[in-house]
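Chemist: Just passing along the structure, written as structure tokens.
Derivation of every value follows stated rules applied to the coordinates shown; laboratory data play no part. Everything quoted here is computed from the prediction, not taken from an experiment. In this analysis, Cβ positions are derived from the backbone assuming ideal geometry, glycine residues included, and neighbour counts consider all displayed protein chains.
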Amino acid sequence: MPKERIASSPDSGAERLITLAEPRSPWSEAYRALRTNLEFSSLDRPLRTLLVTSPGPEEGKSTILANLAVTLAQADKKVILVDGDLRRPSLHELFGLPNGRGLTNMFLEEKAWQRPPLQQTSVPNLILLPSGPTPPNPAELLASPRTEQIIARLSERADLLLFDAPPVVAVTDAALLAAKLDGVLLVIQAGRTKREQAQRAIALLEKVNARLVGAALSNVKLDRSMEYYGT
């Protein structure tokens, strides 16, 4: 299982698309290394759909997912990025796009099912499906058979389908999605995630037979000796 270290960006508390803002930086190179590791980890079992989650909140999962999506799109992959965090969505904010319609509409409206409310980002090959209006029952929606139908429908339109999800220990949403997708990337934040939380997250994913393809360690202190390679 590949493990990649993602150093904190210069704005360590802010969610930034560092792969666009500073494409030659060591941080961006770390995301490209993560992309490569995931590609090699799925040689035997193709990875067409991927979930990114974390044990707890505020561990950098959405930022890592967004930057990973950018690097995959830059490698000529057609990527659909889905905000499956129906409780605290943030991907639309990262890409500066509206969140009036999105994934939840596909559950409830025939029009949205026929024509998914996808939005082109500023990155060629990268399309966003925001979360849409916040539902009163996120877990019930994701547990429904409609979820698998949505996954299949979106997969027809992209090489890779990437899902954001709430923290796996906090609510059941991530585990429900993980059981329906090809793999899971678990984000762990250095200095924040407790060992017990990480172990609990892995146990919950294993319980639903999810395929854990790797882990990304966020907020790692940058090794200054590597800065030369980002200049």
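Chemist: Amide H of L51: which non-local residues (sequence gap of 5 or more, or other chain) have their own amide H closer than 5 Å, using H built in the peptide plane?
Modeler: F163, G183, V184, L185
Chemist: By the gyration tensor of its Cα atoms, with a ≥ b ≥ c the square roots of the eigenvalues, what is the shape of region 81-231: rounded for a/c under 1.5, prolate for a/b over b/c, or oblate?
Modeler: Working: a/c = 1.98, a/b = 1.30, b/c = 1.52.
It comes out oblate by the Cα gyration axes.
Chemist: Let me ask another. Using a Gaussian network model on the chain with a 10 Å cutoff between Cα atoms, which of Q74, Q119, Q149 fluctuates the most?
Modeler: Q149
Chemist: Quick check: pseudo-label points 7 Å beyond the Cα along Cα→Cβ at D159 and R192, how many nm apart are they?
Modeler: Result for the modelled spin labels: 3.1 nm.
Chemist: Shifting gears a bit: With θ set to phi - 60°, apply the Karplus curve 6.51 cos²θ - 1.76 cosθ + 1.60 along region 168-181 and write out the HN-Hα couplings as whole Hz, x wherever there is a Gly or Pro.
Modeler: 6, 7, 6, 9, 7, 3, 5, 5, 4, 5, 4, 5, 9, 10
Chemist: Of P138, P167, P130, which is the most mobile in a GNM of the chain whose springs link Cα atoms less than 10 angstrom apart?
Modeler: Among P138, P167, P130, the largest mean-square fluctuation in the Gaussian network model of the chain belongs to P138.
Chemist: Using a 7 Å offset from Cα along Cα-Cβ at L97, what residues in region 159-177 end up with backbone N under 13 Å from the label point?
Modeler: It comes to 162-164, nothing else.
Chemist: If you don't mind, there's one more thing I want to ask. Between F40 and Q114, 0.36 nm times their residue separation minus their Cα-Cα distance comes to what? List each step's numbers first, then the result.
Modeler: Details: separation 74, 0.36 × 74 = 26.64 nm, distance 3.46 nm.
Additional length available on full extension: 23.2 nm.
Chemist: Can you sort F107, F163 by how many other beta carbons sit within 10 Å, fewest first?
Modeler: Working: F107 19, F163 26.
So the residues, fewest neighbours to most, are F107, F163.
Chemist: Further question on the same structure: Given 0.36 nm per residue, what is the gain on full extension from K77 to E140 after removing their alpha carbon distance, in nm?
Modeler: Numbers: separation 63, 0.36 × 63 = 22.68 nm, distance 3.18 nm.
That works out to 19.5 nm of additional length.
Chemist: Still on this structure: For a footprinting-style exposure proxy, rank V169, V184 by other Cβ within 10 Å, fewest first. Display every interim value, and only then the final one.
Modeler: On the way: V169 20, V184 27.
With the sparsest Cβ surroundings first, the list reads V169, V184.
Chemist: Another question about this same structure. Amide H neighbours of L217 under 5 Å, counting only residues 5+ apart in sequence or on other chains, H built in-plane at 1.01 Å?
Modeler: Amide H neighbours of L217: E4, R5, I6, I188.
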